[in-house]
Amino acid sequence: MKCLPKFILVFILLLSIGLFAQTSAGDVDEDGEITILDALLVARHHLSLPTPEFTAPVEAGDVNLDDEIQAVDAIMIAQFFAGLIDSLPLPTITMPETGGIHLEAEFYDRVSDNDAVNNGERIYDSGLDVEDCWEGGFNTCWVSGGEWLEWDLILTEPSDECNVWIRVAHDNEFPLPCRVIINSELVGDTVNVENTDPFGVPHPPGNWQTWISEYVGSYNLRQGVNTVKLEYTDPSGGANLDYIYLTKEENGPPARTIQAPGGYVKPVDKYGNLQVIGTNLCNSDGDPIQLKGVTTETIRWNYYGKGHTIQRLAYNLGIELFRITLFVTPNDHGYLAPDLTALMHSHLVSYIDDAIEAGIYVIIDWNIVKEGDPDLYTEEAIEFFDEMSEKYGDLPNVIYEICDEPKVSWENVKSYAEEVIPVIRANDPDNIIIVGTPSQSKEPHIASRDPITGQTNVMYGLHFAAYDDDQELRDTADIALGNDLPIFVSEWTAHDAAGNSKANDPEDPKDIGLYDLEEAELWHSWMADNNLSWVYGEFTNKSTRGKRMLVLRTGLSGHPDVENKTIVPWDPVIDFTVTGEWALDKIQN
């Protein structure tokens with residue numbers, strides 16, 4: 001190499017100069033790793049040395065972000081490689097005239113956490129307590145007094161009088177103080193975050209996901225590096241944090257949105273108003289279709305639908321149908337418990353609205369499985385479905401499941417249905433209604449002997465668990481189909497019905513609960529042969545109530561790319577359990 005001696009001499013000179021930089025940046029030759037070659041490229045570019053001896057790209061970026069490629073750029077990369085500095089500069093950004101900048105809690109640059117365990121059971125091994133945020137992404141949780149997070153914000157130009165907001169949630173009876181410090185200066189005053197939950201103070205059994213924006217104060221941000229720090233100042237702990245928001249505007253952060261990808265066709269636009277013809281669910285043109293989707297468990301905790309999760313299911317994974325399970329039993333933390341009705345109603349409406357926005361179909365499931373007798377709550381069901389059908393009856397998206405998994409006789413179920421269905425039809429003349437069948441929706445053949453008459457677009461529920469149910473139940477369902485009873489498989493799973501948490505393969509972290517994929521394949525083929533629409537259960541990433549249907553292993557928004565400070569859409573191989581990955585393949589193919 002003719003030019004190498006000169007270059008090595010220059011490079012040694014560069015290495016001998018001490019220079020310190022700020023945190024974290026990408027590499028120059030974009031190979032995913034910062035190496036000595038990156039420094040060679042910058043120095044070679046600066047010195048205009050010939051390049052044939054190198055296989056990497058010639059063009060180099062401006063590492064120290066001064067809009068000019070200099071020898072100092074090579075110094076910084078070489079020092080990083082030699083361990084003389086910890087990291088390279090962050091990319092600079094400009095404060096927008098409209099909107100603002102989010103400093104997300106999960107993408108901190110430095111943190112002080114008081115324990116080594118992630119109590120939120122999520123993404124960080126460092127001990128930072130992080131959990132799924134109902135508004136998308138992740139938030140801090142289990143906050144202890146004295147903890148803090150810090151971000152580096154590097155601006156291309158100064159920005160005077162930037163307004164600083166924090167997005168927080170809090171469910172204690174007493175206020176929790178915190179403060180924001182920028183460049184070692186306190187912004188405004190200490191913020192005393194009051195209880196943010198509108199349903200109680202505190203709402204039993206606790207709700208740390210009701211988010212509000214708190215104004216902190218204004219600050220003159222400087223050009224270059226601004227160090228932004230949030231400190232929790234009370235020994236009793238602090239509020240959950242989603243993000244810090246900086247803006248030139250007076251208003252706080254706008255609601256987060258998620259956009260459909262290019263070319264996305266809403267299932268509701270594709271199929272239109274659904275109708276039942278014979279045993280088939282059909283589109284508005286009368287052509288048989290097969291809808292496939294997922295279901296929640298109880299929505300009491302609201303783990304499933306927030307953070308635009310339903311839109312992500314539709315846009316990223318191709319889900320056409322989302323079923324919302326509303327457990328109603330008052331003494332089992334259900335919808336009819338006086339202290340839970342308002343909260344669960346809020347969750348329910350939010351889910352339905354998200355499904356409508358995504359353009360998918362949504363089942364409203366009135367679940368009475370605890371007692372199994374719908375007659376116990378007939379008046380409440382009438383009031384509920386009157387409200388739901390009046391609110392959503394003019395839209396093609398909504399399907400009503402008025403009696404989920406009854407345990408009483410078909411005569412009892414039919415009598416109940418004949419009271420509720422006319423109430424729905426007074427507001428909604430044509431959307432699909434699903435009626436459960438005896439033995440927890442495992443006996444549609446009994447309903448087929450005496451079906452509901454005088455009503456259209458009524459279907460009958462079938463539920464099964466592939467680990468427990470086999471050809472015998474399929475034969476029973478075939479009897480119902482042979483009697484022209486339209487069946488909707490409104491819940492099924494590859495797992496066992498009891499929710500056994502024992503795994504088929506305990507060594508595989510993706511292997512959760514007992515399941516039988518061979519039998520599940522037989523069930524799937526049977527449903528395809530009979531053109532039966534179905535809902536797989538359940539879509540959740542919570543394992544506190546058994547693990548039989550745990551579909552998602554990571555966050556409701558996806559998983560974090562910490563290096564690039566962004567949330568990556570779900571990858572089934574990484575983010576889903578064995579059965580979740582299997583079920584998703586059946587939904588998409």
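The values are calculated or read from the model by the stated rules, or taken from the named source; none is laboratory data. Computed from a predicted model, the values in this text were never measured in an experiment. Please note: Cβ atoms are built from the backbone with ideal geometry, for glycine as well, and neighbour counts cover all protein chains shown. Just so you know, the surface numbers come from the protein's heavy atoms only, side chains and all, with ligands and any DNA or RNA stripped out. Shrake-Rupley method; radii C 1.70, N 1.55, O 1.52, S 1.80 Å.
Normalised per residue, the accessible area of region 458-521 is 41 Å², obtained with a 1.4 Å probe and no contribution from ligands, DNA or RNA. In this structure the amide hydrogen of Asp511, modeled in the peptide plane, comes within under 5 Å of the amide hydrogens of Val578, none closer than 5 places in sequence on its chain. The packing ranking, built from the mean of other Cβ atoms within 10 Å per residue, places the peptides 319-325, 163-169, 518-524, 394-400 in the order 319-325, 163-169, 394-400, 518-524, highest first. With respect to the cross-link table entries Lys370/Lys442; Lys442/Lys586; Lys292/Lys407; Lys292/Lys442; Lys565/Lys586, which display a Cα-Cα separation exceeding 24 Å? Over 24 Å Cα-Cα: Lys292/Lys407; Lys565/Lys586. The simple Förster model, with R0 at 35 Å and r as the Cβ-Cβ distance, assigns Ala498 and Glu379 a FRET efficiency of 0.60.
Here the Karplus relation 6.51 cos²θ - 1.76 cosθ + 1.60, evaluated at θ = phi - 60°, turns the backbone of region 268-276 into coupling constants of 5, 5, 6, 9, x, 6, 7, 8, 9 Hz, with x for every Gly and Pro. Applying 0.36 nm per residue to the separation of Gln588 and Glu249 and subtracting their alpha-carbon distance, the gain on full extension is 117.7 nm.
So if R0 is 30 Å, what FRET efficiency would Asn483 and Asp287 give, r being the distance between their Cβ atoms, rounded to the nearest 0.05? The calculated FRET efficiency here is 0.80. Projected label points at Thr94 and Trp526, each 7 Å from Cα along the beta carbon direction, are separated by 6.4 nanometres. Rounded to the nearest whole Hz, the Karplus-based 3J(HN,Hα) values (6.51 cos²θ - 1.76 cosθ + 1.60, θ = phi - 60°) of region 436-443 follow the sequence x, 10, x, 6, 6, 6, 10, 10, with x at glycine and proline.
For the pair Lys270 and Lys414 in one chain, pulling the backbone fully straight at 0.36 nm per residue adds 48.6 nm over the alpha carbon distance.
Distance between the pseudo-spin-label points of Asp511 and Ser236 (7 Å out from Cα toward the beta carbon): 4.8 nm.
Put simply, when 440-447, 564-571, 503-510 are sorted by average Cβ atoms within 10 angstrom per residue, most first, you get 440-447, 564-571, 503-510.
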